[in-house]
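Report on the following structure.
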Amino acid sequence: MYSEQVMDHFMNPRNMGEIPDANGVGEVGNPTCGDIMRITLRIEDDRIVDAKFKTFGCAAAIASSSMATELIRGKTLDEALAVTNRAVAEALEGLPPQKLHCSVLAEEGIHKAIDDYRARQGAPEASGG
């Protein structure tokens, strides 16, 4: 059912936890399945220098969170905003159709965290999330 990549990121999640001095926080949830994802970012000079997550959910939700943080670390904000749920799912070597919403949550969490950062900086939201 799950790819080796999904199982690896579920069993050995990367960047799990919370950044104490985060300057971008995004929390999203899916009321249908009960998954809740919180992404915290440390951003310096418009670049994500650290990204961590806390996720309450299934294996696909945890793996999607882990992969999403891996994909955006070191990226500029615009590069991070370009990371789609499809990119997360592809990096995980696919997700079952009924679990694709987990990768959507990851994309939405990234957008919310970046929007939060921009709001704290006094900049208008640009991601549409």
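Based on DSSP H segments of at least four residues, each scored -39500 (n - 2.57), the chain has a per-residue ellipticity at 222 nm of -13000 deg cm²/dmol. The peptide list 14-22, 56-64, 106-114, 81-89, put in order of mean Cβ contacts within 10 Å with the highest first, becomes 106-114, 56-64, 81-89, 14-22.
Against the longest alpha carbon principal axis of the chain, how many degrees, from 0 to 90 and to the nearest 10, is the axis of helix 59-72 turned? On a 0 to 90 degree scale, this one is about 40. Computed from backbone phi, the HN-Hα couplings of the stretch 80-97 come to 5, 5, 7, 6, 9, 4, 5, 5, 5, 5, 5, 5, 8, 6, x, 10, x, x Hz, rounded to whole numbers (Karplus: 6.51 cos²θ - 1.76 cosθ + 1.60, θ = phi - 60°; Gly and Pro given as x).
Calculated translational diffusion coefficient of the chain (4 °C, 1.567 mPa s; Stokes-Einstein with Kirkwood radius over alpha-carbon pairs) equals 92 µm²/s. Taking the Cα atoms of the stretch 57-129, the ratio Rg/Rh between the radius of gyration and the Kirkwood radius comes to 1.00.
Summing Lys, Arg as +1 and Asp, Glu as -1, what charge do residues with Cβ under 11 Å from the Cβ of Ala89 carry, Ala89 excluded? Counting the neighbours of Ala89, the net charge comes to -1.
FYI, it's all coordinate maths here, none of it is from the lab. As the structure is a prediction and not an experimental result, all values here were calculated from the model. As a convention, Cβ positions derive from the backbone with ideal geometry for all residues, glycine included, and neighbour counts pool all protein chains shown.
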